[in-house]
Amino acid sequence: MQKRQRGQLQLRLFIFFALCAMVWTPMTQAQSYPNKPIRLVIPFPPGGSNDVVGRMFGAQLSERLGQQVVAENRGGAGSIIGTEAAAKSAPDGYTLLLASIAYAFAPAMYKTVPYDPVKAFVPVGIIGSGPVVLVVHPSIPANSVKELIDLARKKPGELRLASAGIGSFQHLAGELFRLQSNIKWLHIPYKGGGPAMADVAGGHADVMMSSLIQTTPQIRGGRLLALGVSGLKRSAALPETPTIAEAAVPGYDATNWWGVLAPTGTPQPIVDRLYKDISVIVGSAETKKRLEAEGAEAVQMTPAEFGKFILAESVKWSRVVKEAG
């Protein structure tokens, strides 16, 4: 009898300590987090808006956490390669994904993606948003959105539209413009927004729907001519440039955004810690000033709000993908 009671007591103690370990392990991880460098996967090549925002944010997060945040560019397949790498990483808070609007529409662009876009990640926090800007090489005989549309209609399929690649936001923003303005042009995909912008600035391509945060220096330097911005309001960075909607294409709206996702299974205390730090960074005057100077703006949402936002963006851009074929 005593032997049985001792056995039951040992079993209860084992269950008790096992439950405690399940509770204490995430708490202990959060309390000691981070104790080594963190990898921020940017699923696009260097030079584009994702790279600019990711590196700026990574540097600020490093200061907050007291550990280096290493930006790792893993471009290819319209963000699929880098996103897959992050999804397959250990869910311990030491690998994060710099997500953008490409995360929302990538599943619609491909028959299959090597990760579950709904279950592979948990939302941590959004950083900001920014419009694209319709730019042309200065040699193109068009000084307004309307003049560009007229030119494209006179020469259907001749204007060369550069983009960061098939399935990139720049590509889809261009497709949305093409559909709503009823024009035809030749799409030339590049391996990243940086190379695409360089070719337009060099006169090797004609037009581009480029992220404003990436293109502002080229516009100010006179190497590109801005015709219109894609948001619902004019940009503080280019106040004299009209929105595409007010200039010639009513209802046109294509806005990029950037945020942080973590692999599913990342301990909730770590997600909470990161969200708190992101909120402080995004709410700082320095971040707002830096983003506004580049034509973007800081945005704040809770993780739950960010998750709903991503879902809504997926629905919107899936329709564009289908209509564009």
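How many angstrom lie between the Cα centre of the range 254-296 and the Cα centre of the range 118-177? One Cα centre to the other: 25 Å. Packing here is the average count of other Cβ atoms within 10 Å per residue, and on that basis the peptides 121-134, 273-286, highest first, run 121-134, 273-286. The angle between the Cα long axis of helix 169-181 and the main principal axis of the chain comes to about 40°, on a 0 to 90 degree scale. For the range 189-325, a simple Cβ point-charge model (Lys and Arg +1, Asp and Glu -1, everything else neutral) yields a dipole of about 140 debye relative to the Cα centre. Entry comment: accessible area of the chain is 47 Å² per residue, from protein heavy atoms only and a probe of 1.4 Å.
Full extension of the chain between residue 186 and residue 139 yields a length gain of 15.2 nm, computed as 0.36 nm times the residue separation minus the alpha carbon distance. Taking the DSSP beta bridges with both ends in the chain, the antiparallel portion is around 60 percent. Enumerate lysine pairs in the range 98-196 that are 8 or more residues apart or on different chains, then count those whose Cα atoms are under 23 Å apart. Step by step, the pairs that qualify in the range 98-196 add up to 7. Over the Cα atoms of the range 259-320, each weighted equally, I'd like the Debye log10 I(q)/I(0) at q = 0.11, 0.15, 0.27 Å⁻¹, rounded to two decimals. So the normalised log intensities are -0.34, -0.60, -1.11.
Where only DSSP H runs of four or more residues are counted, the chain gives -15500 deg cm²/dmol as its mean residue ellipticity at 222 nm, each run worth -39500 (n - 2.57). For the chain, the longest principal axis of the Cα atoms and the long axis of helix 268-283 meet at an angle of about 40 degrees. Peptides 191-200, 295-304 ranked from most to least packed, by the mean per-residue count of other Cβ atoms within 10 Å: 191-200, 295-304.
Neighbours of residue 71 by Cβ distance under 9 Å: Lys/Arg scored +1, Asp/Glu scored -1, total 0. Angle of helix 145-154 to the longest C-alpha principal axis of the chain, folded into 0 to 90 degrees and rounded to 10: 70°.
Quick one: grab the alpha carbon gyration tensor of the chain, order the square roots of its eigenvalues as a ≥ b ≥ c, and give me rounded if a/c is under 1.5, else prolate or oblate depending on whether a/b is larger than b/c. Note, shape of the chain comes out prolate. For the chain, the dipole from Cβ point charges (+1 on Lys and Arg, -1 on Asp and Glu) about the Cα centre works out to 1040 debye, to the nearest 20.
The values are calculated or read from the model by the stated rules, or taken from the named source; none is laboratory data. The structure presented is a predicted model; accordingly, all values stated were derived computationally and were not measured. Positions of Cβ are generated from backbone atoms using ideal geometry, with glycine treated the same way; all protein chains shown enter the neighbour counts. When the accessible area is computed, the model is the full protein with side chains, heavy atoms only, and any ligands, DNA or RNA have been set aside. Shrake-Rupley method; radii C 1.70, N 1.55, O 1.52, S 1.80 Å.
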